[in-house]
Each structure stands twice: as structure tokens, then as C-alpha cells.
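Participant: My questions will all concern the structure given below.
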Amino acid sequence: MTSNKRFGYTGQGLRVNLTTGQITVEKTFPRFADYIGGTSLGYKVFWDEVDPKTDPMDAANKIVLAPGPLSGTGAVCSGRTAVTTIFPTAYPVPMLCSAHMGGDFAHKIKYAGWDFIIVEGASAKPVYLYIQNEKVELRDASFIWGQGTRRSFTVLQQNASTDASISVIGPAGENKVPMSILLSAKSHSAGGVGAVFGSKMLKGIVVEGNQAIHIHAKPEEWEALCDRNRELLGAVTQTVVPKFPNPLFEYHSPWSRWSGMPGRVWGAANPPVTLTADMRSLNRIAYRTCAADHYLGQAAWHYVVRNNGCYSCPIRCYSVMRDEETAAKYKVDAVTEQTCMALYFGRRFFPKIANSKTDPRSRPASIVGIQLLDDLGIWCNYGQLHRDWTKFYKDGIWQKVLPEDEYKSINWQQIEDCDPMFLHDLLPRIAYRKGELGRWLGESTGYLLKHFGIDESVWTKDKSTAYWSLSHPKHHANEDDGQAGCILNCLYNRDPMCHGGVNFTRSGLPIDLQKQIAAKFWGSGDSVDAIGNYTPTNIHKMRRLRWIVARKELHDMLGLCSWSAPWYTSPNKEDGYIGDVEIESKIYKAVTGISATQDELDNAGLRAFVLERAYTMRQMGTVNLRKDHDKYPEWLFEDAKGKEPFTKGTIRMDRADIEKSFDLFYEVMGFDIKTGAPTQKVYETFGLKDVAATMKKEGLMP
């Protein structure tokens with residue numbers, strides 16, 4: 001190995017200047033030695049190189065694509081790539097955020113010999129970045145500019161090997177629609193970054209590589225560790241019990257994503273595949289999850305071909321479906337491949353069937369929506385796009401705010417009829433910024449409301465819109481983890497995409513068992529409550545939240561999937577369903593040879609969190625993050641039946657209790673309690689003295 005190459009790292013990255021066309025090689029070390037990889041590396045680049053007041057669409061904005069040291073090693077569930085940039089969707093000002101996409105992009109970057117890609121400047125014409133090991137060049141993309149992601153994939157694949165990883169933007173990104181994505185491997189997306197790619201005239205990236213990634217552990221040690229990690233896996237979101245009662249299991253939970261059970265059939269496979277009874281086998285992990293069932297109902301099994309997923313992940317949480325009838329009737333492809341909420345987003349545009357899995361119109365609407373959103377490259381923002389659209393429709397706002405000719409050009413009856421063909425009109429309006437409707441639905445919520453003069457309180461008081469003031473949606477908040485979920489959602493500039501809390505509370509294990517595990521790992525069973533049976537806040541809950549934040553950042557740095565990690569529970573009754581909160585440090589040591597304790601790795605995660613928080617303060621021009629940034633919506637304090645907080649059966653929060661939760665969280669973080677800002681001591685603790693000096697100079701030290 002060369003002097004700069006280390007176990008788990010190639011030792012070098014790429015800097016691509018789109019303005020000049022210059023491509024340079026930069027060393028990973030020593031600059032990024034304390035930042036591990038992924039989001040942390042991206043935050044470091046922005047802190048060092050990008051003025052916090054930079055506009056997202058300005059050439060001075062950058063894009064940092066970074067896998068982690070586990071990427072390409074075969075470590076379980078290590079297929080994530082962090083994409084860091086200044087997001088145009090953050091409100092009230094654009095802010096630094098990271099998106100994360102799965103698929104095969106992360107390990108292909110590493111196999112090509114690179115730890116990161118820094119993209120800067122802007123091209124005068126459409127280009128795509130082609131990487132084949134050390135051969136790196138910008139190529140003309142005019143022949144696919146204006147094309148959807150599906151055709152772009154196909155054409156680029158013809159100009160590369162079958163092993164190439166391809167990531168592209170669609171028309172939405174090209175037209176600088178803030179709510180747009182970078183799509184990788186046809187179905188894995190990084191939401192919110194498409195417009196930044198489009199502003200740089202960068203259609204996408206093609207990566208081919210065949211170089212080895214060296215790890216420190218001996219082969220037999222590595223295999224044993226990976227097998228141990230597999231033993232801890234449940235289904236997607238680390239649910240460790242099935243959805244339905246079965247003699248094979250002690251527990252079950254209606255919330256579980258473990259919907260694959262003995263006797264279920266992948267009906268569209270040729271020939272059909274019947275799931276076996278041995279659902280606990282490590283060779284049957286991919287049988288456990290069926291996203292199509294979770295989002296489209298049991299009838300969806302008839303259309304399932306198989307499961308698919310990211311590199312090195314045995315869970316395979318992506319449902320591949322074949323629906324010839326919908327394809328012929330509604331002008332889409334017969335094969336759909338997706339997971340998570342995207343599998344029902346299409347029907348969410350139609351209020352009558354939005355929550356129905358059984359209505360015969362739901363599946364076609366969902367499939368049409370999935371395919372058009374992906375092909376056009378539109379970001380749903382975890383359903384906030386659909387929530388905003390629906391409230392405008394149901395409250396009659398569209399008729400009030402749209403020009404008369406534009407309003408009349410829309411076939412509103414198709415919505416009432418739940419006709420999927422309506423999406424062939426609506427979604428291109430967004431992607432091509434057509435009219436007032438298309439132009440502003442493509443913005444995030446804060447900018448949408450501001451443009452139409454709608455008071456933010458109308459949205460923040462309404463659970464149907466479930467909106468947080470920075471323009472990201474309700475996602476794993478009080479409905480999943482009480483106060484911890486609420487505070488978490490206030491801390492980040494976009495949906496934090498953090499499963500550290502929900503993977504525990506929704507694991508499917510009884511609350512008594514959860515409390516036993518919580519006592520083992522976080523010192524007190526009082527750190528967790530049963531969902532819908534919350535108790536007043538306490539220091540233990542906020543200590544667990546600190547751990548959740550640390551692991552969220554750490555997973556994003558290592559390249560691990562938070563839909564599968566952390567592994568503090570397991571499906572193994574013989575182990576008391578207890579997992580291993582140190583498995584990340586064991587894997588990290590096996591890969592890199594670095595003996596870092598789990599606490600040391602968690603502190604590295606918290607360092608990244610503090611660095612991003614400091615940069616955000618500079619972007620907002622405020623030291624008082626508690627007042628200006630960490631804001632919570634009013635719907636936290638509402639209950640449809642008028643139930644009081646801390647009453648069984650409600651997720652309603654208490655305002656004073658939430659304020660106390662902030663006090664306690666800031667306390668355990670060492671932040672200034674009045675402002676929520678990191679203190680001099682915090683910066684020094686995490687080795688960020690240079691950051692402290694800048695914050696003090698700019699008057700942002702509490």
C-alpha cells in the first residue's frame with residue numbers, strides 16, 4: 001500500500017471543477033483523519049471552503065459525495081453514500097444538509113480508488129462525470145439533457161460496462177426545482193440535491209472500478225464478525241419480530257416490517273416463489289421484508305417478483321413488482337422497484353384513497369406515482385409534497401390562488417375519480433415549473449406558504465400537514481418516540497432520516513423488555529416509554545437522544561444504513577433479544593485496524609453534529625438556535641379527542657415538558673441552555689478550537 005493508503009481507505013479523493021474542467025487528486029489524510037468519512041467529511045469541506053451565505057444555485061456552492069471506510073468492504077448494510085451541499089429547500093434560508101442514497105454507488109467509488117468527490121463551479125453546457133479507476137473525465141451530456149432518469153440510465157449504460165454505477169438527475173433537477181433528487185441505480189435517491197446538480201449543468205456520474213479495498217482483519221475473523229452482525233438483523237427498520245402471530249415466534253407486532261411469513265408467495269416471479277418456514281435462517285433474511293405488503297396491502301404479493309436492495313445488505317428491502325395491467329392502461333413500465341413510503345405516494349395525491357390499501361384504485365395510482373416521480377426526478381420530501389398538495393386541494397386554496405386560466409386547465413374531476421392519468425399532468429407541471437401550481441409545489445413548504453401569503457400557523461397547527469418550520473415533514477417524531485422524537489426533529493436542517501429511536505421503540509418487543517434493554521445500554525429503563533403512553537421528560541430520555549444523535553452521525557460517516565442499524569436488539573430469544581451497541585466499533589476496528597472505543601466513535605459523530613450546528617448558526621446569522629432554529633409546531637399539543645398529555649392512548653405533548661426536554665438535552669450536550677448554542681468548552685472537547693475562534697470572531701459564541 002502507498003504511504004497515504006490505509007485499511008478501509010483509498011487515501012485519495014477527486015476534486016472536479018466544472019467551470020474550468022480541471023480534475024485534481026487530493027489526499028484523504030491528514031486533512032480528514034478526524035472526520036472518518038461521509039457527512040462529516042462533507043461538513044469539513046464546507047467549513048473550510050464555502051462561505052455560509054452562498055446561494056445553493058451559485059457556482060460557489062459545492063457538492064461532496066462521500067462513502068465511508070466500511071464502503072466496499074462487504075460490511076453488513078454499508079451501501080450508503082452521503083451527498084452534502086447547501087439545500088435550496090431549507091427555510092427560512094438555505095442551509096447545509098446531507099442526503100443519503102443507497103444502491104451500489106458507494107462501493108463503486110471506493111473500487112475506482114476514491115474516498116470522496118468534491119464538485120465545484122458550474123459548467124457552461126450539460127456534462128456528466130465519468131470515472132473508470134484513475135481515468136476521470138467530463139463528458140458531453142447534451143444527448144440526454146432533458147431526458148427522464150430511466151432513459152438516461154439506459155443510454156449511459158450503453159456507454160459503460162454492465163458493472164458501472166450510474167446516478168442521474170431528471171428534468172426536475174435540470175430545471176432547478178428545489179424538490180428534486182439525484183437517483184442512483186434506478187431507485188435509490190438522494191432527496192433535495194437534484195437542483196444543485198442542475199444548476200451546475202451536471203447530469204450525473206458514472207463510476208466503474210475494479211480495485212481492491214484492503215481491510216485489517218484476517219479473513220476468518222472478518223467472516224465471523226459479519227456473521228455475528230447478520231445474527232442481529234431483523235427485518236427493515238430493525239423490527240425483530242413478525243407482523244403476525246406465528247408458532248415460530250414468541251412475539252409479534254402490527255407495526256413490524258417483518259411481513260414475509262411462511263407460505264407467502266412472490267406471485268409475479270417466474271415460477272412463483274413460496275417463502276419457507278425457516279424465517280430465522282441467515283440465508284432467508286431477504287424473505288422477511290416485503291415493502292409492497294407494508295404499503296400496498298396483502299394483495300400486492302400477487303405482483304411481487306422478488307426483493308432487491310443495496311450492496312452488502314441481506315435484508316433486500318426493495319420490492320420489485322410486475323403489473324402488466326397498470327402498465328398498459330396508464331402508460332408506465334410494467335416493472336416497478338421501490339421501497340419505503342414511495343410505494344404509496346401515488347395514491348396520496350387522491351384524498352379519497354390516500355389511506356386505503358384495499359381500494360382497487362390504490363395500487364395503480366401508487367405505481368404511476370412512483371414511476372413518474374422517479375423518472376422526472378421529483379422529491380416527495382417524505383410525503384410533505386403530498387400533504388401540501390392535499391391541504392391546498394381540500395381547503396379550496398388552489399381555486400383562490402391560481403390564475404383563472406391555469407385553474408381551468410386542470411382536470412379536477414380526475415382527482416375525485418382517483419384517476420392515475422391525472423398524475424401525467426400534475427407531476428410534469430412540477431418538474432417543468434409550469435404555472436403557479438407547478439412553480440411553487442416544487443418549492444418546499446415554507447417558500448410555498450410565503451409566496452401565497454398563507455400564515456405558517458395554518459400549517460403548524462394542522463396534523464394533516466405535519467410540518468416542521470424548517471420545511472421538513474413529520475417523520476419519526478412524537479408518534480414514535482415521544483419527547484426524544486420531537487427534539488430530534490427540531491435539530492436538523494432537513495428531515496434527519498434518523499432511525500436510532502424508532503428502530504428501538506418500533507422493534508416489536510414488549511415495553512417491559514425494551515426497558516430492560518434500555519437499562520443495560522443507557523442506564524435506566526426510564527429512558528424509553530411505550531408509544532402512546534408517555535411519561536414526563538427526564539434526563540435519561542435526553543441522554544438516550546444524545547446517543548441517537550451520535551449514532552445518526554456515525555452511521556452517516558461510516559456509510560451504514562440507518563434503516564437497518566443500530567443493532568441494540570436482535571431476533572434471538574436465547575439472547576433475550578438483546579443486540580450489541582458496540583458492533584459498529586468492532587466492525588470499524590476490523591476494517592481500519594484502529595482501536596476506537598464505541599464512546600470515541602460516538603464522540604466523532606457528535607463532533608460532526610456540532611460542526612454542522614456551528615455552520616448553520618453562521619448561515620442564519622444567529623447565536624440563538626433555540627429561538628430561531630430549534631422550533632416545534634403547534635400540532636404537538638393537540639389531540640382530536642381532547643385527551644390530556646401523559647394519558648394513555650395519546651401522543652399529545654405538553655409545552656412546558658417540551659421546553660424542559662430542550663433544557664435537559666442542551667445540558668447533556670454541554671450547550672448553552674438559553675440559546676442552544678455550543679459553548680467554548682464544547683468546541684474544545686470535540687477538537688474544534690478553530691471553529692470556536694471563528695464563532696467568537698463573528699459574535700456567535702454564547
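Participant: Cα centroids of the stretch 325-341 and the stretch 429-453: how far apart, whole angstrom?
Facilitator: For the stretch 325-341 versus the stretch 429-453, the Cα centre distance is 27 Å.
Participant: Right, another one. Rounded, prolate or oblate: which fits the stretch 481-576 when a ≥ b ≥ c are the square roots of the eigenvalues of the alpha-carbon gyration tensor, with rounded for a/c under 1.5 and prolate only if a/b beats b/c?
Facilitator: oblate
Participant: I need to check one value: relative contact order of the stretch 512-664, counting alpha carbon pairs closer than 8 Å and at least 6 residues apart, in percent. The partial results should precede the final answer.
Facilitator: Details: 145 pairs, mean separation 39.6, N = 153.
The normalised contact order for the stretch 512-664 reaches 26 percent.
Participant: While we're on this one: Could you tell me the calculated FRET efficiency between Lys461 and Thr535, based on Cβ-Cβ distance and R0 = 22 angstrom, to the nearest 0.05? Present the calculation step by step, with values, prior to reporting the outcome.
Facilitator: Numbers: r = 25 Å, r/R0 = 1.15.
So the FRET efficiency works out to roughly 0.30.
Participant: Would you calculate the separation in nanometres between label points at Asp227 and Asp278, each defined as 7 Å from the Cα along the Cα-to-beta-carbon direction?
Facilitator: 1.4 nm
Participant: Indicate the gyration tensor shape class of the stretch 64-186 (rounded, prolate or oblate), computed on the Cα atoms with a ≥ b ≥ c the square roots of the eigenvalues: a/c under 1.5 is rounded; otherwise a/b larger than b/c is prolate and the rest oblate. Don't skip to the end; give the middle numbers.
Facilitator: Details: a/c = 1.63, a/b = 1.09, b/c = 1.49.
Because a/c hits 1.5 or more and a/b fails to exceed b/c, the stretch 64-186 counts as oblate.
Participant: Pop a pseudo-label 7 angstrom from the Cα along the beta-carbon direction at both Lys27 and Glu325 and give the gap in nm to one decimal.
Facilitator: Using points 7 Å along Cα→Cβ, the separation is 6.4 nm.
Participant: Just tell me which lysines come within less than 16 Å, Cα to Cα, of Lys643; anything on the same chain fewer than 8 places away is out.
Facilitator: Cross-link targets: Lys463.
Participant: Right, another one. Checking the a/c ratio against 1.5 first, then a/b against b/c, what shape does the Cα gyration tensor give for the chain?
Facilitator: The shape class here is rounded.
Participant: Which value in nm describes the separation of the simple spin-label points at Arg306 and Trp412, placed 7 Å from the Cα toward the beta carbon?
Facilitator: 4.8 nm
Participant: Okay, moving on. Could you grab the relative contact order for the chain? Cα pairs under 8 Å, six or more apart, rounded to a whole percent.
Facilitator: Details: 1600 pairs, mean separation 99.9, N = 702.
After rounding, I find 14 percent.
Participant: I need to check one value: relative contact order of the stretch 422-530, counting alpha carbon pairs closer than 8 Å and at least 6 residues apart, in percent.
Facilitator: The value is 13 percent.
Participant: If I take R0 = 56 Å and measure r between the Cβ atoms of Arg150 and Asp690 in this structure, what FRET efficiency does the formula 1/(1 + (r/R0)^6) give, to the nearest 0.05?
Facilitator: 0.75
Participant: Nearest 0.05, what FRET efficiency do Ile397 and Lys648 give at R0 = 51 Å with Cβ-Cβ as r?
Facilitator: My answer for the efficiency is 0.90.
Participant: Cα centroid distance between the stretch 684-702 and the stretch 180-251, in Å?
Facilitator: What the calculation gives is 35 Å, centre to centre.
Participant: I've got another one for you. Under the 0.36 nm per residue contour assumption, what length would be gained going from the current alpha-carbon distance of Asp333 and Glu137 to full extension?
Facilitator: So the chain would gain 67.3 nm between Asp333 and Glu137.
Participant: Counting only DSSP beta bridges with both residues in the chain, tell me the antiparallel percent, nearest 5.
Facilitator: Antiparallel bridges: around 80 percent, rounded to the nearest 5.
No value in this document is a laboratory result; all are computed from the given coordinates. Computed from a predicted model, the values in this text were never measured in an experiment. As a convention, Cβ positions derive from the backbone with ideal geometry for all residues, glycine included, and neighbour counts pool all protein chains shown.
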